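Here, each number is a calculation from the coordinates, and none is a lab measurement. Just so it is clear, the model here is predicted, and its values are computed rather than measured. Cβ coordinates were reconstructed from backbone atoms using ideal geometry, including for glycine residues, and neighbour counts include every protein chain displayed.
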Amino acid sequence: MEPSRNKNSREPYINLFFGVLIPLGLFALYSAIKGLRFETPPPGLIILFVVTVFFGSILRFQLPRTKIHLTISDALIFLSLLLYGGSVAIILGTLEAGFTAMMLRRQGVRMSWKTVSINVLIATISVFASSTAVIAVFGPPELLMGEAVTSQLIMILSVMAFSQFAVNSVLVSVWVSIKNSETLWRVWNEYCFNALVMFLCGALMAGIATKAIYQMDYYMFIAVAVFFGLVYLTYNRYVQDVKSTAAEAQEAERKRAEDAEQHVRELEHYVHELQKSTEALRESREKFRHAAYHDHLTNLPNRAHFIGKITELIDKRSKEDHHRFAVMFLDLDRFKTLNESLGHSVGDRLITHVAARLSNIITHKGVVGRFGGDEFAILLNGVDGEIDTLELAERVRRQIAEPFSVDGRQLFTNASIGIAFGDKRYVTAEELLRDADIAMYHAKTSLSGITVFDPNMHARAVQLLELETDLRVAVKRKQFELFYQPIVTLSDGRIKGFEALVRWPHPSRGLISPADFIPLAETTGLIVPITRQLLRDACIQVKKWQEMTDEPFEVSVNLSGKHFEHPNLVEQVKEVVEQTKITPSSLKLEITESAVMDNAETAISTLKQIRETGIRVSIDDFGTGYSSLSYLHRFPIDTLKIDRSFVNTMEEGSENGEIVRIILALARALKLDVIAEGIESIHEFHQLRILGCEYGQGYMFSRPLQAKDIERMILGELPWRNALAEAGFGMVSHDTALTQLKWTQ
Ligand code: C2E
Ligand code: MG
Ligand code: MG
């Protein structure tokens, strides 16, 4: 709406301007036509007309680095003024302006007929003003040119150019200012310099051409015109070159800018990618760091993390003497068995539950970590004293002893806890952890399940480590030897069988008794290969003796509680029986009461499988394992072995005598055999017989002997060294002893 309103508001001014121009222009044109003097125009004039009208505005060029366009038409109109007078110049100016406007319209420039007319009128009036000024000052110029000296010519040219400039610039400025609604002064100011240069150049060219025409002959003028034509073409070419070079340079610049922008974009992209990958790298580094210092199952700090933390505290303690801290080392009892019997995923879940329970107890008091398997550690920073730490350990043990619900099943476990306090003697974290670990091993065999480290333990641990190394060698080299202790029928003194008891002839320490290495063999798992080897040896040995004597000797082999939990136990025993071809009923496995009671339900199933093979089972050390009577009758067993401790302290009317009597009554009720262990005196022997005990073994009859000695004994070559002999019967043979025994009845 706005532009059209503007246009409408300008229209009257335009019309007014047009209305002023029309009479002026028509008057100029009328006076020009009236002033024409010749009947037939000379050929030079015709050429000038043609060139001016048709080519004048085409032959134009721009002054380099300016907006000024010089056309040859101005020069030609001036030239016509100088050579043929004002009338010719005015008509020529009018025609040239009209033709140029038409050309522009044909080329597509939007121009109304009013605008075309105004352009033509301004041109007519300007040339009219210019010719009128020259004639008024100098008289008709065409008459002066023949004699005009250069200074006069310059004057004429100046008047001509300035008068044309004045009228033309004013009229054009008025017209543009009306059309564009701009101030007259602004338009004139912008336009005037260009117009002045245009007209001055035109006048100069016209002056030079006039001078040339009058001072040179016709051919010379043509040559000069050709020369100027060439100069013009060369100049035009040069300008075009400059333009195209500038355009190329501009294009190259634009391309460079585009390239630079593209590079910037690419660079931004790379920077972004780099930032992303740096971020990803940082995250993955963080993940790796976390994984390196945490346990993947429980997400608790791991050993490496703990070492770092303890090292920090050791450093702190070296600066602040009073600062105290402690490390608790925890191990779950029977975890391996649970893991193997219920599967590793249940084991893993149990570990996760234990971790959560520990974290709940410890909270801010310290750091809980997992070192793998069923091993946990707790770092307590700033502990008050040993009593507080022990109380906390007690709480931990009580909480861990509470049942865990895993997969709808209730699982029970206990924690053994070793504690080491971070005192001055510790320089490295590893030393402190090592000592907490040693204390934990002691805790496993202690009643409370909690042990605080003391330096003697370390020495023992070192010994134990040496022993473990030797034990591994002994297993590889099959260095173990079985001793056999006869089991005697108390009623007739006959040898019913033998208990196989292991000895380790250590290359430097001599004969090591089982009490000194079986626990170690159990914790290291070496007990399994050792027992399998001993089982085989014992079966081969006893089968040999059976064949030598035709006696149905039995052999009892001790089975460790740890081995009893082994999932392949039954297959292993069966394999030995098949390989050695011993009658299964000749083999008896001795399992301690505590081993079967620890996990009664599993024990019952294992015992059943053993009994199904024909192999028999004894409960060893009976009376020490707090057997639950409700279980006892369910155990598929053959024999109870009364522990030596009851036999040794058995006196008439004593408490232990009563226990032996009850065990015998119980065995009778459950239809079990009974073997009394550790019969050392004739008194014990008598008492057991009176109480109705069927079988016995002990030093009174024989100490455990090497196989070769047993062999001599059963073949009657070895005198039977026993309590009867010590009581004054001298060294007697096997048969004599039996006679003696019978005699004592
Ligand atoms: P145990 O199975 O209760 O074996 C009986 C222990 O009492 C044997 O000790 C034997 O020498 C000892 N003994 C027998 N009669 C008397 C006596 O009249 N007086 C005294 N003071 N002791 C007597 P040993 O051979 O030192 O074995 C100790 C324990 O080591 C065994 O107790 C058994 O639990 C374990 N053991 C022995 N051999 C093996 C084995 O091959 N495998 C396993 N797993 N354990 C074994
Ligand atoms: Mg035994
Ligand atoms: Mg025993």
Legend entry - Protection-proxy order for peptides 537-543, 378-384, each taking the mean of Cβ atoms within 10 Å per residue, highest first: 537-543, 378-384
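Only loop residues by DSSP count here, and only those with at most 14 other Cβ atoms within 10 Å; note down the trypsin sites (Lys or Arg not before Pro) in segment 623-675 that meet that. Please report the intermediate quantities before stating the final value.
Values: sites: Arg634, Lys641, Arg644, Arg661, Arg668, Lys671; in loops: Arg634, Lys671.
Those satisfying the criteria are Arg634, Lys671.
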Legend entry - Pairwise label distance in nanometres, Lys581 with Val271, each label 7 Å out on the Cα-Cβ vector: 9.0 nm
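Expressed in nm to one decimal, what extension gain is obtained for the pair Glu612 and Ile222 from 0.36 nm per residue of sequence separation less their Cα-Cα distance? Don't skip to the answer; put the middle values down first.
Working: separation 390, 0.36 × 390 = 140.40 nm, distance 14.11 nm.
The Glu612-Ile222 span can extend by a further 126.3 nm.
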Legend entry - Two-site FRET efficiency, Ile387 against Glu481, from Cβ-Cβ distance with R₀ of 56 Å, rounded to 0.05: 0.70
Inset, instruction - Within the chain, what's the longest run with no chymotrypsin sites (Phe, Trp or Tyr not before Pro) in a DSSP loop and at most 15 other beta-carbon atoms within 10 Å? Give the range, please. - result: 39-411
Inset, instruction - Name the lysines eligible as straight-distance cross-link partners of Lys179: C-alpha to C-alpha under 29 Å, and not fewer than 8 places from it in the same chain. - result: Lys7, Lys67, Lys114
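Restricting to DSSP H runs of at least four residues, report the calculated mean residue ellipticity at 222 nm for the chain, -39500 (n - 2.57) per run over all residues, nearest 500 deg cm²/dmol.
Details: 27 runs with 467 residues, N = 745.
Using -39500 (n - 2.57) per qualifying helix, the result is -21000 deg cm²/dmol.
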Inset, instruction - Estimate the FRET efficiency between Ala665 and Gln533 by the formula 1/(1 + (r/R0)^6), using the beta-carbon distance for r and 41 Å for R0, to the nearest 0.05. - result: 0.60
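Roughly speaking, what is the stretch gain from Ile135 to Ala260, that is 0.36 nm per residue apart minus the C-alpha to C-alpha distance, in nm to one decimal? If you can, show how the numbers build up before the last one.
On the way: separation 125, 0.36 × 125 = 45.00 nm, distance 6.39 nm.
Taking 0.36 nm per residue and subtracting the Cα distance, the gain is 38.6 nm.
So which of Lys478/Lys574; Lys581/Lys671; Lys287/Lys316; Lys478/Lys562; Lys309/Lys336; Lys309/Lys424 end up more than 25 Å apart, counting from Cα to Cα?
Values: Lys478/Lys574 21 Å; Lys581/Lys671 28 Å; Lys287/Lys316 29 Å; Lys478/Lys562 20 Å; Lys309/Lys336 29 Å; Lys309/Lys424 17 Å.
Checking Cα-Cα distances, Lys581/Lys671; Lys287/Lys316; Lys309/Lys336 exceed 25 Å.
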Inset, instruction - For each of His364, His294, count neighbouring Cβ atoms within 10 Å of the residue's Cβ, then give the residues from fewest to most. - result: His364, His294
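With r defined as the distance between the Cβ atoms of Thr311 and Glu658 and R0 fixed at 56 Å, what FRET efficiency is calculated, to the nearest 0.05?
0.40
For Asp516 and Glu320 in one chain, what is 0.36 nm times their gap in residues minus the Cα-Cα distance, to one decimal in nm? Write down the numbers at each step before the final one.
Working: separation 196, 0.36 × 196 = 70.56 nm, distance 4.35 nm.
Full extension of this stretch gives 66.2 nm more.
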